[in-house]
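What follows is a single structure, written as structure tokens, with notes after it.
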Amino acid sequence: MKNKIGIFPGSFDPITVGHKDVILKAAELVDRLIVGIGFNSTKKHHFTIDEREKWVKKTFINHSAILVKKYEGLTVDFARKENAQFIFRGLRSSLDFEYEKQIAESNNIINKKIETIFLLAHNKYAMISSSIVREIIKNKGNIDEFVPIDINISRP
């Protein structure tokens, strides 16, 4: 029997409780889930890729079927390299769907063997985004309800 492998890509700048919730849902659907932390040289990240990797690994330390890897380039190429059959994406709203649908359709043109699966964020996490968390951090607010409890983000 072929192992089902999925990719959950993102920048995780930083990882949020919403990310954690959807990643755990995705992990239940496959034998192995690879959380891919994308490196995009054109995007200005608030946190380094090593910090983001450390936080994601710490968040899922007790989940042996969840691996964390950094990657560059197209997510669909990373998925192919990892022998993944699925790319999982979390949706918070219809705006997310419209954006993610375009990417999924493009990925399907590039590689028809890799299917994108959309998972809905739990209602209580639908308003949480990394952008909002970064803004709270910049303004010295309390982010405890927005990030996984096991990560410690130093505030400026």
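The values are calculated or read from the model by the stated rules, or taken from the named source; none is laboratory data. All figures in this text were calculated on a predicted structure; none of them were measured in a lab. Please note: Cβ atoms are built from the backbone with ideal geometry, for glycine as well, and neighbour counts cover all protein chains shown. These area figures cover heavy atoms from the full protein model, side chains too; ligands, DNA and RNA do not enter into them. Shrake-Rupley method; radii C 1.70, N 1.55, O 1.52, S 1.80 Å.
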**Q.** Residue check for K43: closer than 17 Å to S129 by Cβ, open to solvent by 50 Å² or more (accessible area, probe 1.4 Å) and not aromatic (F, W, Y)
**A.** yes
Q) Of the residues that sit in the stretch 116-142 and are in contact (Cβ under 8 Å) with a residue 12 or more places away in the chain and over 20 Å from L24 (Cβ atoms), which one is most open to solvent (accessible area, probe 1.4 Å)? A) K140
Q. Which numbered condition trips up R52, out of (1) open to solvent by less than 20 Å² (accessible area, probe 1.4 Å); (2) of a type in the set (K, R); (3) farther than 16 Å from I151 by Cβ?
A. (3)
Q.
Being free of Cβ contacts under 8 Å to residues at least 60 places away in the same chain, within 12 Å of the chain's Cα centre (by Cα) and surrounded by 14 or more Cβ atoms within 10 Å (Cβ to Cβ) is the requirement here; does K101 meet it?
A. no
Q. Counting only residues that are in contact with a helix residue (DSSP H, G or I) (Cβ under 7 Å, 6 or more places away or on another chain) and surrounded by fewer than 21 Cβ atoms within 10 Å (Cβ to Cβ), how many does the stretch 21-37 have?
A. 1
Q. How many residues are more than 16 Å from G6 (Cα to Cα) and either assigned to a loop (DSSP other than H, G, I, E, B) or among the polar types (S, T, N, Q) (or both) if we restrict to the stretch 107-127?
A. 5
Q: For R89, indicate whether it is of a type outside the set (A, V, I, L, M) and touching a Phe, Trp or Tyr at 6+ places or on another chain (Cβ under 8 Å).
A: yes
Q | Output for the stretch 22-67, where each listed residue is touching an Asp or Glu at 6+ places or on another chain (Cβ under 6 Å) and hydrophobic (A, V, I, L, M, F, W, C) | A | I34, I37, F39, F47
Q: Check whether at least one residue in the stretch 97-108 is of a type outside the set (A, V, I, L, M), closer than 14 Å to I15 by Cα and modelled with pLDDT under 95, and report yes or no.
A: no
